[in-house]
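Throughout, read-outs are computed from the coordinates displayed, never taken from laboratory work. Here the structure is a predicted model, which is why all the values come from computation and not from measurement. Here the Cβ positions follow ideal geometry from the backbone for every residue, glycine too, while neighbour counts run over all protein chains shown.
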Amino acid sequence: MRYLSEETKERIINFVDSYYANNGYTPTISTIAKSLRLSDGVVHKYLHRMTESDELTYDGRHIITPRIEAVQSRECVDISGQITCGEPVYAEQEYGDSISLPSSLVGQGKFFILKAKGNSMINIGIADGDLVVLRQQNYADEGQVIAALVDNDSATLKRYTVDRKNKKIVLLAENENYAPIVRDEISIMGVLVYLLKDMKHL
């Protein structure tokens, strides 16, 4: 493919920008191809050639257009409230501040920030008053640190594990003074991706 249609390039960029604005992440090659009635191969070649000419960036997974790059560089994440690092309690909603976070630190997706309350996660460096950045999602891989709703309305920050033998979900503290929380089911609010440290604890 020696010649790239300027119209097709514009259609791809506009579709990627619109998809990102609506979903918080960029589309796959198959999604672009299906929506624009192109083949996967054609879209793949366009993305690579447009990367070579610095019209966008495609790393094999994510597509970053100039508009997306500008949005990500100034994207603000709200500080939503507090979450306990101890026994589950209701997550307080009392903050109205926001923090700008570059995608180079947190990746792509929709994020929220909670203020840690308590010290049950102290062994991995999360202390009372620290700010935890979480990617908003309702699933997690075993071993990830998550914000979870327990018993419908009580929130906690813990490491997610599964007891397959007894068919239980086990939320582990990172502090030997706290017992595991064992439940039949929980609701996952988000997965920890970054920690903003309160320097008073150092």
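Descriptive notes on the structure:
- Charge tally around residue 145: other residues with Cβ under 10 Å, Lys/Arg +1 each, Asp/Glu -1 each, net +1.
- Positive minus negative residues near residue 26 (Lys, Arg vs Asp, Glu; Cβ under 13 Å): -1
- The gain in end-to-end length when the residue 141 to residue 163 segment is fully stretched comes to 6.6 nm, 0.36 nm per residue minus the alpha carbon separation.
- Neighbours of residue 125, meaning other residues whose beta-carbon lies under 9 angstrom from its beta-carbon, give a summed charge of -1 when Lys and Arg score +1 and Asp and Glu score -1.
- Entries of 110/165; 9/110; 110/197 with Cα pairs more than 30 Å apart: 110/165
- A protection proxy built from the mean count of other Cβ atoms within 10 Å ranks the segments 189-196, 55-62, most packed first, as 189-196, 55-62.
- Label-to-label distance, nm, for residues given as residue 198 and residue 28 (7 Å Cα→Cβ offset): 4.2 nm
- Reachable lysines from residue 168, criterion Cα separation under 25 angstrom, eight or more residues apart if same chain: 158
- Spin-label model, residue 36 to residue 61: label points 7 Å out along the Cα-to-beta-carbon direction sit 2.2 nm apart.
- Relative contact order, percent, the stretch 6-72 [alpha-carbon distance under 8 Å, six or more residues apart]: 28 percent
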